[in-house]
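Take a look at the structure set out below.
The values are calculated or read from the model by the stated rules, or taken from the named source; none is laboratory data. On a predicted model such as this, the values are computed, not experimentally measured, just so you know. A quick note on method: Cβ atoms are made from the backbone with ideal geometry, for glycine too, and the neighbour counts reach across all protein chains shown. Keep in mind that these areas ignore ligands, DNA and RNA; they rest on the heavy atoms of the full protein, side chains included. Shrake-Rupley method; radii C 1.70, N 1.55, O 1.52, S 1.80 Å.
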Amino acid sequence: MLNRFGSVYCAIAFVCAWVGPGTAQVATDSARGGAHVLRAAPLEGAVEIDGRLGEPAWEGAPVAAGFVQRVPHPGTPATGRTEVRVLYGRDALYVAARLYGNPDSIVAQLARRDASGIYSDWFTLLLDSDDDNRTAFAFGVNPREVKRDYVLSENGGRDFSWDAVWEARTHVDSLGWTAELRIPLSQLRFRPGAEAWGVNFQREVARREETSFWAPIPPDAPGFVSRFGALTGLSALTPPRRLEVEPYVVSRATRAPAEPENPFYSPNQLSSSAGADFRYGVSSSLTLTGTVNPDFGQVEADPAVVNLTAFETRFPERRPFFIEGAEIFEFELGGGGDLFYSRRIGAPPHGTVPRGAVFRDVPERTTILGAAKLSGKTANGWSVGLLDALTSGEEALYATPDGVTRRAPVEPLTNFGVARVIRDFRQGRSALGAILTTTHRRLEEGDRLGFLPSAAYAAGLDGRHRFGGGNYELMGYAVGSHLRGGTEAIRLVQLEPGHYFQRPDAGHLEVDPELTSLSGYIANVEVSKIGGGHWRGELGVRVISPGFEVDDLGFQQQADLLREYGGVQYVQFRPGPIFRRWSARAFQNVHWTFGGERVESFGVVGGDFQLHSYWGGSAAIEREFSALSTSALRGGPALRVPGRTRLRLGIYSDQRRPVSGSVSGTVALQDEAGGRFLGLGPSLALRPSPRVELSLQPSMSWNRDPAQYVTRREAEGETRYLFAPLEQTTTALTARLSYTFRPDLTLQFYAQPFISALDYSGFREVADPRAAAFRDRFRPASVDLDPDFNFKQFRSNAVLRWEYRPGSTLFVVWNSGLRDVRREGTFDLSRDLDRLFGAEGTNVLLVKLSYWFGL
């Protein structure tokens, strides 16, 4: 049991011992600063965090000034003067910022913490406290004391899932506004005795869309964190003990539509649970995070989709435990794939109840018994990420026709593990990394869940190297996968979308029903220009073998691919006579299978712009050439699909205004049989007051596909692949309303009605799948089928969030869901809305209280 379910826990224990307090400090400080060096002064006396900067301690502290614009006029002095001072005490860092300007021109919107896209001025402290030149902690505040904190990466990416416990207060006066921050040292990761930390200060002026930095970061320069200045004078600081515990309790009431004959039905279901998260500082830079019975009840629902492809839809992760520190576990595989897709943990069960069950009660998701992860950076330069999660075995209840209630296993006890390490070189300009993912399921011989692999492994190496003054980057990775299981499990993997070993025309593929393991690999190499001047570009090659499979803990859609891709982009970031900024790009890629079949050939030319009026837009024309689809017949022979031309257009108004909006549209035309698509996506954003934000995003699409796959049938010893012309109309509205009482007390509302009608007619069957002409590819078919359907869904939630003390939060959440599905293909907006809102729904009221303890 230990070797299967405790492997990553043992690794965590080993690393904890290896990097504990006795580890030698062998790393050397990177070169920092140049002309941008600021010395932090020791705190003498007391500082009250009130935003007024009246204490004598601030007067003698060195000043950081001379901010330089990045946008809109790179390299020129910022339009408003900014002065920043830094003090340090025994347990915290203190920062004071004086932001000069006309107080009447200050822009400040109230919003929830970490709210994205709000129209506001900002001051942000950026700290690379472990001086790795790769990542930094960001602490931002606006004039109304709305806070945001995130992890900043070297390429400028921001991860807002990270939340620290810190203080910030602001004040507006006749000179502009001031900000005062207190950052507990327990929230940072740093080496004792370090001569310098990386630091930068950022100011954003909303009315000018101006961004400036103390240590300049030109838009054409490669890197971001590596260009910070230096914060010195902190060598006497000692990392404090870091222990945080956040217990929670949840009460939930659910009311569902009536099913009087269902023995598992309860019209009003009450439940409660409790759990806890904890964080422990194993060393100055490494944190052990754990969770017991994690709760994800307040998560916003996934958007509704109608997926007619053979492939799974990928949804973003929203659960706090998994998104916090997720950047260290990232190992992207290209094409939307990833070696670690955390939504596999706690996903809906794979199994179901036996056929013939009259009623069933299947768990919505598997229970996460516990999870732990260790992440951070060691003193000798290794970035480490270890994660382990254990999910319980699940059973479903079902009722047989004779009224007997039985149980059926639908998910086995499962352990998931991820280990990730990265070693930086040359002050972060080069790196080598490795990753290992494991999935182990407890399956017994003859288990009805034997269709699942008993074990899945993936191991990979990746690396990057910057050269040419840092303006060019060579990167690559290679990953191997290995599955183990019974013959049924491995046979099913061979038959799944993305593999389709059963394709009769694929001479390089063959189903082996006796296999008890399956292995494969993926490799990618890419060279790109990432900085220096206006030009950017990339050129790469990717290879995915037919047996590559990582879906047990990762996400992939296709294997059996050889891909060549490349593109160039020109970026004009300096304002000209007409445009404030603009860019143009061209990109192409071609895919083949290992058997030499060309399955995709694609090219795009496009660009975007912003005018001096702050209006802007984008345009792109895409061309897909005719190719062979190895998935269109769901395991049958490759089918020739027609080429198509797609035009995308978009325009947006001045987003600084209280009322702003945008319109986007897509038109696509197939080369054969009149296939076409039209999609429209307007949006409207309203800020009627500094406390209120409303956004409305309606969408409408019309799709005519002359040959949509329906099903397959066996007749006279042959397989008949049935298609039909499809007319699909889809409409949706995503609405969000936010009211902020104060920065720590907000009310948010989300709603999305979704309607899609699919009308099939005139069935056809495949005659010659590789024929050049559409008329030769299909022939009429007479079948008794009615695949039409009309799908309607409404999801909404309202969330009251009160951070009643730093790190401690009360949530009151109401969720509502309506659903109506009918066997008809017509679309009538008025009728469909009446039916949708006339349906019985499920309502959930949830109250969650958490309390943060920090030692």
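Checking the conditions here, which among 138, 179 is within 21 Å of residue 82 (Cα to Cα) and within 26 Å of the chain's Cα centre (by Cα)? Working first, answer last.
On the way: 179 fails: within 26 Å of the chain's Cα centre (by Cα).
Exactly one of 138, 179 is within 21 Å of residue 82 (Cα to Cα) and within 26 Å of the chain's Cα centre (by Cα), namely 138.
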Next item on the list: Quickly run through the range 173-188 and pick out the residues that are in contact with a Leu (Cβ under 8 Å, 6 or more places away or on another chain) and not in a strand (DSSP E or B).
Entry: 185, 188
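Hey, does the range 578-598 have a residue that's closer than 30 Å to residue 693 by Cβ, open to solvent by less than 50 Å² (accessible area, probe 1.4 Å) and in a strand (DSSP E or B)?
Our first condition is that a residue be closer than 30 Å to residue 693 by Cβ; within the range 578-598, this holds for 579-583.
If we keep only those that are open to solvent by less than 50 Å² (accessible area, probe 1.4 Å) as well, we get 580, 583.
Those left that are additionally in a strand (DSSP E or B): 580, 583.
Yes: the range 578-598 contains one or more residues that are closer than 30 Å to residue 693 by Cβ, open to solvent by less than 50 Å² (accessible area, probe 1.4 Å) and in a strand (DSSP E or B).
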Margin query: Can you say whether residue 161 is closer than 25 Å to residue 73 by Cα, open to solvent by 20 Å² or more (accessible area, probe 1.4 Å) and hydroxyl-bearing (Ser, Thr, Tyr), as far as the supplied structure shows?
Written below: no
Checklist line | Meets criteria (surrounded by fewer than 20 Cβ atoms within 10 Å (Cβ to Cβ), touching a strand residue (DSSP E or B) at 6+ places or on another chain (Cβ under 6 Å), under 20 Å from residue 338 (Cβ atoms) and aliphatic (A, V, I, L, M)) for residue 459 | finding: yes
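Residue 481: loosely packed, with under 15 Cβ neighbours inside 10 Å and touching a strand residue (DSSP E or B) at 6+ places or on another chain (Cβ under 6 Å), yes or no?
On the way: loosely packed, with under 15 Cβ neighbours inside 10 Å: no; touching a strand residue (DSSP E or B) at 6+ places or on another chain (Cβ under 6 Å): yes.
The answer is no for residue 481.
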Notebook entry, point to check: Just a yes or no: is a residue in the range 367-374 open to solvent by 20 Å² or more (accessible area, probe 1.4 Å), in contact (Cβ under 8 Å) with a residue 12 or more places away in the chain and polar (S, T, N, Q)?
Noted result: yes
Note to self: Condition check: basic (Lys, Arg) and buried (at least 17 other Cβ atoms within 10 Å of the Cβ). Does residue 764 satisfy that?
What the structure shows: yes
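Return the only residue of 689, 662, 631 being crowded, with 17+ Cβ neighbours inside 10 Å and free of Cβ contacts under 8 Å to residues at least 60 places away in the same chain.
Working: 689 fails: crowded, with 17+ Cβ neighbours inside 10 Å; 631 fails: free of Cβ contacts under 8 Å to residues at least 60 places away in the same chain.
Matching residue, one of 689, 662, 631: 662.
I'm trying to understand the selection: among the residues of the range 200-253, which are of a type in the set (Val, Ile, Thr) and assigned to a strand (DSSP E or B)?
Of the residues in the range 200-253, the ones of a type in the set (Val, Ile, Thr) are 205, 211, 217, 225, 232, 238, 245, 249-250.
Of everything in the range 200-253, those that are of a type in the set (Val, Ile, Thr) and assigned to a strand (DSSP E or B) turn out to be 205, 211, 232, 245, 249, 250.
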Notebook entry, point to check: Yes or no: residue 117 modelled with pLDDT under 95, surrounded by fewer than 20 Cβ atoms within 10 Å (Cβ to Cβ) and more than 21 Å from residue 376 (Cα to Cα)?
Noted result: yes
Check: Does residue 110 satisfy being part of a loop (DSSP other than H, G, I, E, B), more than 16 Å from residue 202 (Cα to Cα) and open to solvent by less than 20 Å² (accessible area, probe 1.4 Å)?
Finding: yes
Next item on the list: Working only within the range 120-132, note down all residues that are modelled with pLDDT under 90 and in a strand (DSSP E or B).
Entry: none
Checklist line | Any strands (runs of 3 or more DSSP E) falling wholly within the range 1-98 and containing at least 3 residues that are among the basic types (Lys, Arg), modelled with pLDDT under 95 and surrounded by fewer than 16 Cβ atoms within 10 Å (Cβ to Cβ) | finding: none
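Table: residues versus (1) crowded, with 18+ Cβ neighbours inside 10 Å; (2) touching a Ser or Thr at 6+ places or on another chain (Cβ under 9 Å).
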site: 170; (1), (2): yes, yes
site: 188; (1), (2): yes, yes
site: 205; (1), (2): yes, yes
site: 228; (1), (2): yes, no
site: 235; (1), (2): no, no
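Run down 521, 565, 570, 500 and say which single residue is part of a loop (DSSP other than H, G, I, E, B) and either under 30 Å from residue 464 (Cα atoms) or in contact with a helix residue (DSSP H, G or I) (Cβ under 9 Å, 6 or more places away or on another chain) (or both).
On the way: 521 fails: part of a loop (DSSP other than H, G, I, E, B); 565 fails: part of a loop (DSSP other than H, G, I, E, B); 570 fails: part of a loop (DSSP other than H, G, I, E, B).
Step by step, each of 521, 565, 570, 500 is checked, and only 500 is part of a loop (DSSP other than H, G, I, E, B) and either under 30 Å from residue 464 (Cα atoms) or in contact with a helix residue (DSSP H, G or I) (Cβ under 9 Å, 6 or more places away or on another chain) (or both).
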Checklist line | Residues satisfying the stated conditions in the range 692-717, i.e. within 30 Å of residue 739 (Cβ to Cβ) and open to solvent by less than 40 Å² (accessible area, probe 1.4 Å) | finding: 692, 695
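The rows are residues; the columns are (1) at pLDDT 90 or above; (2) touching a Gly at 6+ places or on another chain (Cβ under 9 Å); (3) surrounded by 17 or more Cβ atoms within 10 Å (Cβ to Cβ).
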{"site": "316", "(1), (2), (3)": "no, no, no"}
{"site": "319", "(1), (2), (3)": "no, yes, yes"}
{"site": "340", "(1), (2), (3)": "yes, yes, yes"}
{"site": "350", "(1), (2), (3)": "yes, no, no"}
{"site": "364", "(1), (2), (3)": "no, no, no"}
{"site": "378", "(1), (2), (3)": "no, no, yes"}
{"site": "383", "(1), (2), (3)": "no, yes, yes"}
Note to self: List pairs: first residue in the range 713-727 and under 19 Å from residue 787 (Cα atoms), second residue assigned to a strand (DSSP E or B) and of a type in the set (Gly, Ala, Ser) anywhere in the structure, Cβ distance under 6 angstrom, at least six positions apart or on different chains.
What the structure shows: 723/707
Margin query: Is it the case, given these coordinates, that residue 135 is β-branched (Val, Ile, Thr) and at pLDDT 95 or above?
Written below: no
Item checked: Cβ pairs under 6 Å, 6+ apart, first in the range 801-823 and touching a residue at least 24 places away in the same chain (Cβ under 8 Å) and within 14 Å of residue 248 (Cα to Cα), second of a type in the set (Val, Ile, Thr) and open to solvent by 30 Å² or more (accessible area, probe 1.4 Å) -> 812/847
Check: Among (1) crowded, with 19+ Cβ neighbours inside 10 Å; (2) more than 25 Å from the chain's Cα centre (by Cα), where does residue 753 come up short?
Finding: (2)
Notebook entry, point to check: In this structure, does residue 503 turn out to be among the charged types (D, E, K, R) and over 29 Å from the mean Cα position of the chain (by Cα)?
Noted result: yes
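Please work out if residue 623 is open to solvent by less than 60 Å² (accessible area, probe 1.4 Å), part of a strand (DSSP E or B), farther than 24 Å from residue 722 by Cα and out of contact with any His (no Cβ under 9 Å at 6 or more places or on another chain).
Working: open to solvent by less than 60 Å² (accessible area, probe 1.4 Å): no; part of a strand (DSSP E or B): yes; farther than 24 Å from residue 722 by Cα: yes; out of contact with any His (no Cβ under 9 Å at 6 or more places or on another chain): yes.
The answer is no for residue 623.
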